[in-house]
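What follows is a single structure, written as structure tokens, with notes after it.
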Amino acid sequence: MADRSRTLGEFIIEKQEEFKYSSGELSRIMNAIRLAAKVVNYKVNKAGLVDITGAVGQINIQGEDQQKLDVYANDVFIKTLTNREIVCGIASEENDDFITVPGCDNSHSNKYVLLMDPLDGSSNIDVNVSVGTIFSVYKRISPIGSPVTKEDFLQPGTAQVAAGYVIYGTSTMLVYTTGHGVNGFTLNPAIGTFYLSHPNMTFAPDGKIYSINEGNYIHFHPGIKNYIKYCQSEEGDRPYTSRYIGSLVADVHRNMIKGGIYMYPKSSKSEKGKLRLLYECNPMAFIVEQAGGKATDGVTRILQLKPEELHERVPFICGSKNMVEKAEEFIAAAQNM
Ligand code: AHM
Ligand code: MG
């Protein structure tokens, strides 16, 4: 049963007490994300009302510079985290290079770096479809008190300390894990408070939904084509139905609640798929695994991939365990042909 009386703020404090030697740093990061999410949510909800969806650099009617919402969200998350000096570095899908938080080499001794996609699926904003923020947190590997290095950000997903997403949908939710299961909080917009609405979220081992951009079918490799045909075939009374929003957070969130598989595989057009390992795949894979699901590039577990570049892309398949394993079987069979 959902415990609707518990707020996210209370939950963060309770969980901190469970970690024996916790310094409260991770709790402060979660609190900053909670705050930034509310600011972005406010703007996303107004997107249809004010002329904010224009291109960067355009001047609006008040003579102010217009900002695209993804740029706005990026600024909000970066400023919220840097002003509070609670991380030592940030890497964002919106920035070419990582950011060193001022003071991390002298005035503060923070140990975490944060990676994020501040507004994923932003091409959906103009048509009033759900978008999301995705984040993940790692402990730096370079010495505390020195400037952060690229290696702090290029850690495998297994090293994540926390990961989560915010979905700006029919209601706004913050879903996150610190490696002890997945919990979801829904924002009550009237009072600006997130409440624990989805405790212990889990992927059913089987599901009915497959989510993939079938417009790319002709470019898919045989294993994926065969898996799609398997899902569509009536043989064995297969129950599958297709749902694809084109917004990773929304597609995975729906599949986690209802059971299903999400796929952005490689294709002859893009051998590495589309999604970014560090900002999209690793955090979603951590959440999916913590909810009992599976996440793979088709062959290898996503969380075990060793990142080489900040913005690298990987094929991504995640969701209900048995469905992902079936897709992997088709991929392996086609490779051995
Ligand atoms: P973005 O980071 O530029 O927003 O792209 C990521 C998005 C995902 O949210 C979504 O699953 C995918 O791109 C959809 O891509 P496509 O339109 O090729 O199906
Ligand atoms: Mg993205």
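At a glance:
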{"quantity": "Selected residue (only one of GLY121, GLY132, GLY145 is within 13 Å of the chain's Cα centre (by Cα) and on the phi > 0 side of the Ramachandran plot)", "calculated": "GLY121"}
{"quantity": "Unique match (being of a type in the set (Val, Ile, Thr), outside any strand (DSSP E or B) and touching a residue at least 40 places away in the same chain (Cβ under 8 Å)) among ILE125, ILE141", "calculated": "ILE125"}
{"quantity": "Residue count, the stretch 297-323 (criterion: surrounded by fewer than 22 Cβ atoms within 10 Å (Cβ to Cβ) and not charged (D, E, K, R))", "calculated": "9"}
{"quantity": "Given (1) touching a His at 6+ places or on another chain (Cβ under 7 Å); (2) within 14 Å of ligand 2 (Cβ to nearest atom); (3) of a type outside the set (Asp, Glu), number of the condition GLY273 does not satisfy", "calculated": "(1)"}
{"quantity": "Complete set of residues in the stretch 113-123 that are near ligand 1 (Cβ under 8 Å from one of its atoms) and crowded, with 18+ Cβ neighbours inside 10 Å", "calculated": "ASP117, LEU119, ASP120, GLY121, SER122"}
{"quantity": "Filter pass, ALA91 being modelled with pLDDT of 90 or more, touching a Ser or Thr at 6+ places or on another chain (Cβ under 7 Å) and either surrounded by fewer than 19 Cβ atoms within 10 Å (Cβ to Cβ) or not in a loop (DSSP other than H, G, I, E, B) (or both)", "calculated": "no"}
{"quantity": "Criterion violated by ASN213 - all others in (1) in the same structural domain as GLU325 (by TED's automatic domain parsing); (2) over 20 Å from HIS253 (Cα atoms) satisfied", "calculated": "(2)"}
{"quantity": "Residue within the stretch 154-173 that is farther than 16 Å from VAL249 by Cβ and within 16 Å of ligand 1 (Cβ to nearest atom) present", "calculated": "no"}
{"quantity": "Set ILE224, ILE228, ILE245: member being within 16 Å of ligand 2 (Cβ to nearest atom), within 26 Å of the chain's Cα centre (by Cα) and not assigned by TED's automatic domain parsing to the domain that holds ASP117", "calculated": "ILE245"}
{"quantity": "Subset tally (residues that are assigned to a helix (DSSP H, G or I), free of Cβ contacts under 8 Å to residues at least 40 places away in the same chain and away from ligand 1 (no atom under 16 Å from the Cβ)) for the stretch 66-77", "calculated": "1"}
{"quantity": "Selection count where residues are at pLDDT below 95 and closer than 13 Å to ASP120 by Cβ, scope the stretch 162-176", "calculated": "1"}
{"quantity": "Residues being more than 13 Å from ligand 1 (Cβ to nearest atom) and crowded, with 24+ Cβ neighbours inside 10 Å - total across the stretch 262-284", "calculated": "1"}
{"quantity": "The stretch 247-290, residues that are of a type in the set (Gly, Ala, Ser), more than 24 Å from LEU310 (Cβ to Cβ) and part of a strand (DSSP E or B)", "calculated": "GLY260"}
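Okay, residues lined up against (1) in contact (Cβ under 8 Å) with a residue 60 or more places away in the chain; (2) farther than 15 Å from GLY132 by Cβ:
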position	(1), (2)
LYS269	no, yes
ARG276	yes, no
TYR279	yes, no
GLN290	yes, yes
LEU310	yes, yes
PRO315	no, yes
LYS321	yes, yes
ALA327	yes, yes
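The values are calculated or read from the model by the stated rules, or taken from the named source; none is laboratory data. The structure presented is a predicted model; accordingly, all values stated were derived computationally and were not measured. Note that we place each Cβ from the backbone using ideal geometry, even for glycine, and neighbour counts take in every protein chain shown.
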